[in-house]
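The values are calculated or read from the model by the stated rules, or taken from the named source; none is laboratory data. Only a predicted model underlies this, so the values are computations on that prediction, with no experimental measurement involved. With ideal geometry, Cβ positions are generated from the backbone for all residues, glycine too; neighbour counts draw on all protein chains shown.
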Amino acid sequence: MKLTIVQWNMTHMLTQSEGYDVISRAVLMLVTLLLFFLFIFFVGTLLSIFFTTPYIQENARYILFAHILINDTLYLTLGILCLFSILSNVYFPTPLCFLILAVIAASFRVTPYNLAVMSLERYIAICFPLRHLEFCTAKRAKSAIAVIWIVGFSPSIADFVTIACSVERSFFSIAVICGHSMLIISPLQNVIRSFAHFLSFSLVALIILFTYVKVMLVARRLGSRQSSALKAARTVLLHVFQLILCMVSFISTVLETTIPGYNSDLRIVGFLIFTYLPRFLSPLIYGIRDEVFRKYIGKFYHTVFSPFHRLIYEIKHGVFHKCIRKQ
C-alpha cells in the first residue's frame, strides 16, 4: 500500500512538472513571437523609408543596408520556423528541410559579407572620393549582393553533394525533424561548415580592419574632429560591432552540443539572447545612428502616432472639463 502511494505521488509530481513545462514553453514561445513582431515593425519602418525615398534608393550604402534588413528578417523567420517545429515535433520532407537549412546557413554568412562590402564602400568614399560615384553605384551594389549570395550558398552546395554521395536515394523520401544535427551524415560536413565559417569571418574581419586603419589615417591627416573621414571610421567601427554580434550566434550552437539536458526552455532562451537580440540590435543601432534614417524615422513615427496622441489628449482634456463642470 505504501508502495502504491509513493508511485501515485511520483506520477502526480511528474504530471505537474510536465504541466509546468508546457506552460513555460507556451509563454516563452508567445514572448518570442511578440519580440519577432516588434522586430518586423521596426524593420518594416526602415524598409518603408527606403522604398519611398528616391534619394535613398539610389545610394549604394543604403541599398546594402536594406539588404541586411531583408536578410536578417529572412534569417529570423526561418529560424523561428525551425525552432517551433523542433519544439512541436513537426516533421518535414528531407529535401524541404535541407532547403530551409541551406537558406538559413547562407543568410547567416551573407550578413558579414554585406558588412565587409559596406566597409569597402566607406573606404572608397574617403580614400578615393573622386571615384566614389563611379565605383559605388546602385547597379554595382546590386551586383555585389548577387555575388554575396552565390558565395554564401557555396558551402551549402558542397554540403548537399556530400550528403548525396553518402546516402541512398531513399534518404530523400523520408521526413525528419528539421534541425542541423538531423542532416549530419558525414564528418566531412562539419569540416566544410567549420572551414567556411572560419574563412568567412577571418576574411571579413581583415577587410573591416584594413578599411578602418586606412580611413583613420585619412582622418588624422585631415585633423578635424567633424571630418567625414572620422565619421566614416566610426561607421566602420560600428561594422566591427555588428560582426561581433553576428558571431554571438555561435554561442547558441556550442551550448546545444556541450550542455547535457538542453531542454526546450533553454533552447528558446538561447535563441532569444544569442540569435534574436544581435539581429535586432544591429539594424536598430545603425538605423538610429544614421542621420538620414533618423530624420525620416522621426517623421514617420510622428505621422503614425500623432493621431493617437491627439485622441488621448482630447479624451483627457474632455474628461478634465467634465470633472470641472460636475464640481
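Some notes on this structure:
- Unmet requirement for residue 86, which otherwise passes all of (1) under 23 Å from residue 185 (Cβ atoms); (2) modelled with pLDDT under 90; (3) crowded, with 19+ Cβ neighbours inside 10 Å: (3)
- The condition of being of a type outside the set (Ser, Thr, Tyr) and farther than 25 Å from residue 279 by Cβ holds for only one of 146, 116, 158, that being 158.
- Residue among 113, 123 that alone is over 25 Å from residue 188 (Cα atoms), hydroxyl-bearing (Ser, Thr, Tyr) and either assigned by TED's automatic domain parsing to the domain that holds residue 80 or in contact with a Gly (Cβ under 8 Å, 6 or more places away or on another chain) (or both): 123
- Within the range 161-210, being charged (D, E, K, R) and not in a helix (DSSP H, G or I) holds for one residue alone: 168.
- Verdict on residue 107 being buried (at least 17 other Cβ atoms within 10 Å of the Cβ), assigned by TED's automatic domain parsing to the domain that holds residue 195, among the polar types (S, T, N, Q) and closer than 24 Å to residue 43 by Cα: yes
- Residues within the range 97-145 that are polar (S, T, N, Q) and within 23 Å of residue 158 (Cβ to Cβ), tallied: 3
- Inside the range 185-199, residues that are over 12 Å from residue 156 (Cβ atoms) and in contact with a helix residue (DSSP H, G or I) (Cβ under 7 Å, 6 or more places away or on another chain) make up a count of 3.
- Taken across the range 149-156, residues that are β-branched (Val, Ile, Thr) and not in a helix (DSSP H, G or I) do not occur at all.
- Subset of the range 171-188 (residues that are surrounded by 17 or more Cβ atoms within 10 Å (Cβ to Cβ) and at pLDDT 85 or above): 178
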